[in-house]
1. Here are 7, 57, 66: which of them is modelled with pLDDT under 85 and in a helix (DSSP H, G or I)?
2. Test residue 18 against the stated conditions and say whether it is touching a residue at least 12 places away in the same chain (Cβ under 8 Å), of a type in the set (Val, Ile, Thr) and in a helix (DSSP H, G or I).
3. Anything in segment 4-43 that is among the small types (Gly, Ala, Ser), surrounded by 12 or more Cβ atoms within 10 Å (Cβ to Cβ) and more than 12 Å from the chain's Cα centre (by Cα)? List them, or say none.
4. Filter segment 44-69 down to the residues that are basic (Lys, Arg) and surrounded by 12 or more Cβ atoms within 10 Å (Cβ to Cβ) and list them by number.
5. So, residue 47, is that one in a helix (DSSP H, G or I), modelled with pLDDT of 80 or more and of a type in the set (Gly, Ala, Ser) or not?
Amino acid sequence: MSIAYNKFKKRHPYLNLIIIFIVASLLGILIEYIINGDFIGSGFYTALFLMIIYLLKAWLEQNNKKRKN
């Protein structure tokens, strides 16, 4: 399974990050709701900001690989 995941991650780095952030956000929302019984909507802004930073990082890494080849 890890070999298939590594291939997917190399082929689709942006989609991989988006899937990771969606799953992590859903888990965080679920845990927050189970523990406190409420939902904090401002957490979406933090997750969105972090997703943009990591997408930029992936884009820069991909551009550096293209330049080296």
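1. Working: 7 fails: modelled with pLDDT under 85; 57 fails: modelled with pLDDT under 85.
Testing whether each residue is modelled with pLDDT under 85 and in a helix (DSSP H, G or I) leaves just 66.
2. Working: touching a residue at least 12 places away in the same chain (Cβ under 8 Å): yes; of a type in the set (Val, Ile, Thr): yes; in a helix (DSSP H, G or I): yes.
Taking the combined requirement at face value, the residue satisfies it.
3. Taking segment 4-43 as the starting set, the residues that turn out to be among the small types (Gly, Ala, Ser) are 4, 24-25, 28, 37, 41-43.
The next check asks that each one be surrounded by 12 or more Cβ atoms within 10 Å (Cβ to Cβ); those that pass are 24-25, 28, 43.
Passing the criteria: 28, 43.
4. Of the residues in segment 44-69, the ones basic (Lys, Arg) are 57, 65-68.
Across segment 44-69, the qualifying residue is only 57.
5. Details: in a helix (DSSP H, G or I): yes; modelled with pLDDT of 80 or more: no; of a type in the set (Gly, Ala, Ser): yes.
Judged against the criteria, residue 47 is not a match.
The values are calculated or read from the model by the stated rules, or taken from the named source; none is laboratory data. Everything numeric in this text was worked out from a predicted model, so none of it was measured. Quick reminder, even Gly has a Cβ in these numbers, built from the backbone with ideal geometry, and neighbours come from all protein chains shown.
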